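The values are calculated or read from the model by the stated rules, or taken from the named source; none is laboratory data. Just so you know, these numbers come straight off a predicted model, no measurement behind them. Every residue, glycine among them, receives a Cβ derived from its backbone with ideal geometry; neighbour counts consider all protein chains shown. What goes into the accessible areas is simple: the full protein's heavy atoms, side chains included, and nothing from ligands, DNA or RNA. Shrake-Rupley method; radii C 1.70, N 1.55, O 1.52, S 1.80 Å.
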Amino acid sequence: MPDARRQPMEAGTEQVGDCDAVIVGAGLAGLYMLHRLRGLGLTARVYEAGSGVGGTWYWNRYPGARCDIESMDYSYSFSDALQQEWRWSERYATQPEILRYINHVADRFDLRRDIQFGTRVTAAIFDAVTNRWTIQTDDGERVSAQFCIMAIGCLSTAQTPRFPGLDTFKGEWYHTGNWPHAGVDFTGQRVGVIGTGASGIQSIPIIARQATHLFVFQRTPNFTIPAWNAPLDPEHERHLKANYAEHRRKNRESRAGFVVPVSDTPALEATPDERQRAYEARWARGGFGFTSAFADLSTNEEANETAAAFVRARIRAIVRDPAIAEALSPRDHPIGTKRLPLDTDYYDTFNRDNVTLIDVRKDPIEAITPDGLRTRDAAYALDRIVFATGFDAMTGALLTIDIRGRAGCALQRKWAEGPRTYLGIAVAGFPNLFIITGPGSPSVLSNMIVSIEQHVDWIADCIASLRARDYAAIEATIEAEDGWVAHVNEVANTTLYPKANSWYMGANIPGKPRIFMPYIGGVGAYRKKCDEVAAKGYEGFTLIA
Ligand code: N01
């Protein structure tokens, strides 16, 4: 009788040997994971689909791409020498600068020699007899590893809507999440941008300055807050570097992985004048702190509406044509319940003569044509189309890999009704599989680097502990997983977040289960929980000898 627990691999694959761990992805998570595992004396192999390191910052090269966490916060903290020597040039770093930083880290810590670029992992199969994973790639390689660590990012599966006729378009089209490395010059072009999420909001002002004419196809207007980007103030840099350890500690213990002044006053207890002053001050400072102006903005709809109304008034003050201002004004979701983008001149861009806003909820896109795009009521001649239409977030990249745990159970099947994890790191039935910033962890609701470092450190410590005690495997129990999933939902339901049709809810992907995927309990509280689990001998996990 064949052993049902052993899964056959595809014929024609080449076994390339054993290592202690396979890491999938060479972005910020994969690189630091590799560094930590090497430090423990483990052998690790990293597979990366791109031809270079950087993950998100390797793929998202669209005009205006920049981080909206401040650069002094959006950087690794694990090496004091690194954080002291690296110099950021702006308050919010551009994509090229972040990619230079990540390349610098890869070189500085000599990481490239264990990374295989241009290789996609297609399958990962667990063998319950050996407690090892066999990982298979698109170029036919197979490798066996005790641990399989998914560092594939939360927003790495670009989503291009299936409009009829796209293959007939005579011009060029791009997705913001898979941008040509050579860049795109829109000078003299008629350009259509579809989508007004963070990527659209960052790229639209820049494309508008280049294009002959820009048509923005908007389905849902979004709230956005000014970034007020500027060169990094040397005095601010000096001060932070002198106090970096303390600053990083506060970030780790904070709610979102960076510190903003958080008010403990409920908005409805303040007078209209006090609210106006608070919102004006936050608007003038720019950045994510806007929604921390009052304590109840993410939990009380009436309170939230006071902040939303302030932003809509700003839109009316900036955009000269009242009809366009109204079309840009979000009315279908509480502010902050969809990821709040930060912008530079976004609303003002709609004052330009060469920019046209098309509300595709009123006049839906019917098809892409050889010469452009057709809505129900009009045809638009376009030379270039930019899809700023987002990602199959949080689960998309994981579920494109055929991941099979005990008894051949497929993760795709297990997650058919939505992702289920313990702590967003582990999945019952999938021993020795770790997910960095997986669904059920703060991940996308936080400063990603803070969450990445926390997960990597936790996983590295867990592996070290298993090895020290001669355990072959660790597996989340189904009870712990069920309890965590219930907790994640319960906390989400105390907020307004589930009220928005957001990618946090899977709402942007037709047919995707509607579940609030990230954990909204806060970075600091979550870290404490993970540390407690470890301190109690990995409570909620089974350790396998
Ligand atoms: O994607 P999105 P994104 N027809 O999903 C529209 C991170 N990020 O790439 O809202 C017409 O937010 C869709 O409309 P609707 C950040 O976490 C970070 O912009 O679904 N329109 C929406 O307007 C962010 O949240 C940074 O109705 C369609 C847009 O496309 C996440 O990435 C920068 C459509 C997609 O918005 C994703 O942002 C950039 C269709 N069929 C991104 N399908 C920084 O750190 C979709 N849309 C700065």
Residue match in the range 198-218 (condition: part of a loop (DSSP other than H, G, I, E, B), open to solvent by less than 80 Å² (accessible area, probe 1.4 Å) and aliphatic (A, V, I, L, M))
yes
Among the listed residues 445, 496, which satisfies the condition of being out of contact with any helix residue (DSSP H, G or I) (no Cβ under 7 Å at 6 or more places or on another chain), among the aliphatic types (A, V, I, L, M) and in contact (Cβ under 8 Å) with a residue 40 or more places away in the chain?
445
Among the residues of the range 524-545, count how many are touching a helix residue (DSSP H, G or I) at 6+ places or on another chain (Cβ under 6 Å) and closer than 22 Å to residue 433 by Cα.
4
Are there helices (runs of 4 or more DSSP H) fully within the range 26-125 with at least 3 residues that are within 16 Å of the ligand (Cβ to nearest atom)? List them.
56-59, 95-108
Of everything in the range 338-369 that's within 15 Å of the ligand (Cβ to nearest atom) and among the aliphatic types (A, V, I, L, M), which residue is nearest to residue 209 (Cα to Cα)?
357
With the checklist (1) surrounded by fewer than 19 Cβ atoms within 10 Å (Cβ to Cβ); (2) within 11 Å of the ligand (Cβ to nearest atom) in hand, flag the one item residue 227 doesn't pass.
(1)
Answer yes if at least one residue in the range 262-285 is under 21 Å from residue 92 (Cβ atoms), assigned to a loop (DSSP other than H, G, I, E, B) and away from the ligand (no atom under 16 Å from the Cβ), and no otherwise.
yes
Quick check on my filter: what residues within the range 157-181 are within 10 Å of the ligand (Cβ to nearest atom) and in contact (Cβ under 8 Å) with a residue 60 or more places away in the chain?
158, 159, 160, 161, 163, 175, 176, 177
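Taking residue 88, is it open to solvent by less than 10 Å² (accessible area, probe 1.4 Å) and not basic (Lys, Arg)? So that I can check it myself, show each step before the final result.
Numbers: open to solvent by less than 10 Å² (accessible area, probe 1.4 Å): no; not basic (Lys, Arg): yes.
The answer is no for residue 88.
Among the candidates 240, 297, which residue alone is touching a His at 6+ places or on another chain (Cβ under 7 Å) and at pLDDT 95 or above? Write out each step before concluding.
Values: 297 fails: touching a His at 6+ places or on another chain (Cβ under 7 Å).
That would be 240, the only listed residue that is touching a His at 6+ places or on another chain (Cβ under 7 Å) and at pLDDT 95 or above.
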Being assigned to a strand (DSSP E or B) and open to solvent by less than 30 Å² (accessible area, probe 1.4 Å) is the filter; apply it to the range 1-25 and report the residue that is modelled with the lowest pLDDT.
17
Evaluate the following for residue 370: is it at pLDDT 95 or above and loosely packed, with under 15 Cβ neighbours inside 10 Å?
yes
Just one of (1) modelled with pLDDT of 95 or more; (2) farther than 30 Å from residue 505 by Cβ trips up residue 139, so point out which.
(1)
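Of all the helices (runs of 4 or more DSSP H) wholly in the range 403-505, which have at least 2 residues that are within 16 Å of the ligand (Cβ to nearest atom) and either open to solvent by less than 10 Å² (accessible area, probe 1.4 Å) or within 30 Å of residue 334 (Cα to Cα) (or both)?
Details: elements: 411-414, 448-468, 478-493.
Result: 448-468.
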